[in-house]
Amino acid sequence: MPANYWLTNVRLETAYREMEGATITDTDLFHIQIENGTIQALVPVREQIEEELSALPCVNAGGRLLLPAFREMHIHIDKTYFGGPWRAVRPISSIFERMEEERRLLPAQFPYLKERARKLLNLVLERGSTHVHSHINIDPVMELRNLQASIEVLEEYKDKLTYEVVAFTQHGLLHSDVSHLVREATAQGAGWIGSVDPASVDGDIERSLHALMDIAVSTGAGIDMHLHDRGPEGWKTLQRLADLTEDSGWQGKVAVSHAFAFADRTPETSELIDRFAALDIAIMSTVPIGRTNMPLPEMRNRGVHVGLGTDSVTDHWSPFGNCDLLEKAGRLAELYGFSDERSLSQSLGFITGGVTPLSQEGVRQWPQIGDAADAVLVDASCTAEAVARRAHRQAVLHQGNIVAGSL
């Protein structure tokens, strides 16, 4: 793509409008000038700018709707069957049995790690995400090999997406005795660190959380912890993590993936949600269905940052996962009853880091001049339709360049 060009005939949302008791979305066609990866001009098509258009290359969007690019906030690019032969999940009786399977499986998968990670990242891009927050195994068997190989692949894609790496102790921070490896991982490119279930895996909530926070504070890393534990143990883990975040001054640098204990509604749930908001502790969710019905809309409404992710993509933990965050947003809308135009439209914010073309009040807030040209062109008349129908993605832009699809 040229460094400076016009993206012409782009559909942008301009306002919400009430008609016959329902909200509808108004749109208009624009020409957008992109220069060095940022948006430099937004001109309605009805304005006559032939001279300006003729001065630069033009790429025709064909009237397609422009949405902000998506953010894949929980994935494991280092362990997947994707790109290889089909395999379903082997039934197990405990997480420890799955850990034993990994001790055999991960070394056997390692020769294919880079090839499969590339195919997975290509899928991520095709589905509209240009940011990846990936957990990478740090364990006694693979040590730092998965981390090193994964970062090498991610660096190959640095012109197509941005990324964050979590040094993830899948087999437990204490249980597998890998604190030294986690520290080393932060020196080799991991900006985040993560553990799993301090109660049920590490067997000691206090020691596990303190060890994790100590590493984070001493290395400057963020924390993204897997927490599947529910009931009193899961609840205590959430409370103590909040305490340590506040005591350590680590506000804005902590996230909890899954956090299923929030699904156990108690009189204290809203209070803890408010505390997470005040401490800027984020929640990363896969939008679970069934018994684990998370209060995700309440969390967002009360000020907690909620990011969505795929998690497993056809691996030994789950045969599902397709990297389609627009499908995740649609599932969330179905699960929580977002069926009207405005709530469908606003649900897009769950997969874009909170960015939506229109504010809740219907004021156009994206794109603006100076914004990064990270976007997705979809076959839809408005955001609400794109979410409800999981619209086809025609082209994905990162810093103004088409990184997936075509025009």
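The values are calculated or read from the model by the stated rules, or taken from the named source; none is laboratory data. Computed from a prediction, not measured in an experiment: that's the story for all the values here. FYI the Cβ positions are ideal-geometry reconstructions off the backbone, even for glycines, and counts take in every protein chain you see.
Here's the yes/no breakdown for (1) assigned by TED's automatic domain parsing to the domain that holds SER285; (2) assigned to a strand (DSSP E or B):
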position	(1), (2)
TYR16	no, yes
LEU53	no, no
GLY83	yes, no
ARG103	yes, no
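Going residue by residue through segment 193-206, is there one that turns out to be small (Gly, Ala, Ser) and closer than 29 Å to GLU155 by Cα?
Looking for residues that are small (Gly, Ala, Ser) and closer than 29 Å to GLU155 by Cα, one finds at least one in segment 193-206, hence yes.
Among the residues of segment 94-123, write down those that are acidic (Asp, Glu), surrounded by fewer than 16 Cβ atoms within 10 Å (Cβ to Cβ), within 13 Å of HIS171 (Cβ to Cβ) and touching a residue at least 12 places away in the same chain (Cβ under 8 Å).
GLU101
What's the number of the only condition in (1) within 19 Å of the chain's Cα centre (by Cα); (2) not assigned by TED's automatic domain parsing to the domain that holds ASP159; (3) not small (Gly, Ala, Ser) that ARG364 fails to meet?
All conditions pass for ARG364, except number (1).
Within segment 225-268, take every residue that is within 18 Å of the chain's Cα centre (by Cα) and more than 20 Å from ARG207 (Cβ to Cβ) and give me the one that is surrounded by the fewest Cβ atoms within 10 Å (Cβ to Cβ).
Ranking the qualifying residues of segment 225-268, first place goes to GLY252.
May I ask you to verify whether ILE95 is modelled with pLDDT of 95 or more and out of contact with any Leu (no Cβ under 6 Å at 6 or more places or on another chain)?
Here the answer is no, as ILE95 does not meet what is asked.
Considering only residues that are closer than 19 Å to ARG71 by Cβ and among the acidic types (Asp, Glu), look in segment 351-383 and name the one that is surrounded by the fewest Cβ atoms within 10 Å (Cβ to Cβ).
Once the filter is applied, the top-ranked residue is ASP371.
Give me the pairs: first residue in segment 41-52 and exposed (fewer than 12 other Cβ atoms within 10 Å of the Cβ), second residue modelled with pLDDT of 95 or more, beta-carbon distance under 6 Å, and six or more apart or on different chains, which are they?
none
Take segment 126-139 and flag every residue that is surrounded by fewer than 24 Cβ atoms within 10 Å (Cβ to Cβ) and not in a strand (DSSP E or B).
Passing the criteria: GLU126, ARG127.
Looking at (1) outside any strand (DSSP E or B); (2) modelled with pLDDT of 95 or more; (3) over 22 Å from GLN394 (Cα atoms); (4) not basic (Lys, Arg), which is the one condition that is false for ILE24?
(1)
State whether one or more residues within segment 238-261 are β-branched (Val, Ile, Thr) and farther than 16 Å from GLY222 by Cβ.
No; the residues of segment 238-261 include none that is β-branched (Val, Ile, Thr) and farther than 16 Å from GLY222 by Cβ.
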